[in-house]
1. Determine which lysines satisfy two conditions relative to K337: a Cα distance under 21 Å, and not lying fewer than 8 residues away in the same chain.
2. Residue by residue, what Karplus-based ³J(HN,Hα) values in Hz, rounded to whole numbers, does the stretch 263-280 have, using 6.51, -1.76 and 1.60 with θ = phi - 60° and x for Gly and Pro?
3. With each pseudo-label sitting 7 Å past Cα toward Cβ, what's the N260-R26 distance in nm, one decimal?
4. Using Cα positions and a limit of under 13 Å, work out the aspartates and glutamates in reach of K268, with same-chain residues fewer than 8 apart set aside.
5. Straight distance only, please: which aspartates and glutamates reach the Cα of K60 with their own Cα at less than 17 Å, same-chain residues fewer than 8 apart left out?
6. If you compute Kirkwood radius over Cα pairs in Å for the structure shown, which of [x] 21.1; [y] 20.2; [z] 23.9 do you land on?
7. Please compute the contact order of the chain in relative form: average sequence separation of alpha-carbon pairs under 8 Å and at least six residues apart, divided by the residue count, as a percent.
8. Based on the alpha-carbon set only, what is the convex hull volume of the stretch 97-213 divided per residue, in Å³?
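Please treat every number below as a calculation from the coordinates, not as lab data. Keep in mind the model is a prediction, meaning the values are calculated, not measured. Neighbour counts are summed over all protein chains in view; Cβ atoms, including those assigned to glycine, are modelled from backbone coordinates with ideal geometry.
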Amino acid sequence: MTQPVTTPSAQPGKPKLLDQVRQRCRVRHLAYSTEQSYVNWVKRFVFFHHVRHPLEMGAKEVGEFLTNLAVQGHVAASTQNQALSALLFLYREVLERDFGQLDNLVWAQKPKRLPEVYSPEEAMGIIGLLEGIRWLMGMLLYGGGLRLKECLRLRVKDLDFERLQVMVRDAKGEKDRVTLLAEAVVEPLQRHLAQVQLAHERALSEGYAGVELPYALARKYPNLDKEWGWQYVFPAPRPSKDPRSGKWRRHHYDPSFLRNPVAAAIRKLGIKKHAGCHTFRHSFATHLLADGVDIRTVQELLGHEDIRTTQIYTHVLRLNAFAVKSPVDRFWASALKRRQTGAEGQ
């Protein structure tokens with residue numbers, strides 16, 4: 001690979017650099033959060049090098065930026081990898097160049113940590129402190145191993161009450177999967193959807209612009225965004241302005257809607273774990289394995305491409321009370337009895 005040739009920092013008639021990044025993200029159908037992240041990293045990279053255009057830089061400057069993140073910024077390995085992904089996207093997808101081979105790059109160390117897992121009592125205790133819509137979300141997270149964003153993005157058509165299944169669309173890695181719908185949540189969820197449908201019909205009569213649709217479906221089917229099946233299961237109370245199209249739409253709830261109450265419930269219960277909404281997903285997998293569910297089935301329910309990703313929960317299982325009893329628990333009672341017998345015989 002060779003260093004890119006130095007070129008003028010801007011070309012007449014072309015959009016600004018960050019606008020080009022945004023446009024390319026949308027062409028590639030990247031999530032809005034990914035778009036925001038990539039734009040932010042490109043901006044930080046440019047300002048780190050005193051507002052030089054990326055076409056005037058190459059592997060040396062990219063390496064300096066990433067090394068600075070690790071050495072001076074003390075960022076996590078995942079954060080440094082995210083920055084590298086953004087810059088790769090910038091050079092390869094937007095500028096259609098390659099910045100060359102990265103030499104002497106200092107990588108942030110990625111610690112090998114086992115995931116935190118709730119006990120069944122802790123999981124149900126947290127959900128028991130949630131109310132209304134938040135309770136429904138908590139039941140779906142723990143009952144089906146959903147990520148928080150997957151839960152928020154659920155549409156009415158993704159729920160199969162007869163088969164007790166949830167279809168998770170366009171999940172991490174742009175993959176679909178099917179997971180479980182707990183029986184305990186069926187009736188409350190159906191009552192919730194009845195209320196959402198009434199609000200949807202009322203909004204239609206008031207000129208509601210419809211829900212956001214993935215890819216080019218809105219162009220192919222002009223009225224699809226107003227159909228009931230495509231509406232969010234957990235729509236926000238009020239419409240908001242779509243940051244891409246500028247239209248006023250009924251979006252889903254913000255992640256903080258559930259994150260904050262779950263954090264408050266964890267504090268109230270005195271759970272001393274670095275845990276949150278995503279811990280329900282880890283707990284779902286671990287508890288299924290503890291119940292004897294085949295690891296391949298758990299892999300499919302979680303949507304893991306590699307079985308080794310799922311196997312981490314078997315390590316958690318070996319270290320907790322589900323699988324192995326401590327020798328102290330096996331032998332302490334008899335040792336204590338012998339000690340007491342000996343003391344009485346003296």
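1. Of all the lysines, those that pass the test against K337 - Cα under 21 Å, at least 8 places apart if same chain - are K325.
2. Ordered by residue, 3J(HN,Hα) equals 4, 5, 5, 4, 5, 5, 7, x, 7, 9, 10, 7, 9, x, 5, 5, 5, 4 Hz.
3. Here the answer is 3.0 nm between the modelled labels.
4. Filter leaves E122.
5. Straight-line reach from K60, under 17 Å: D98, D103.
6. Given [x] 21.1; [y] 20.2; [z] 23.9, the calculated one carries the label [z].
7. Reported relative contact order: 16 percent.
8. 197
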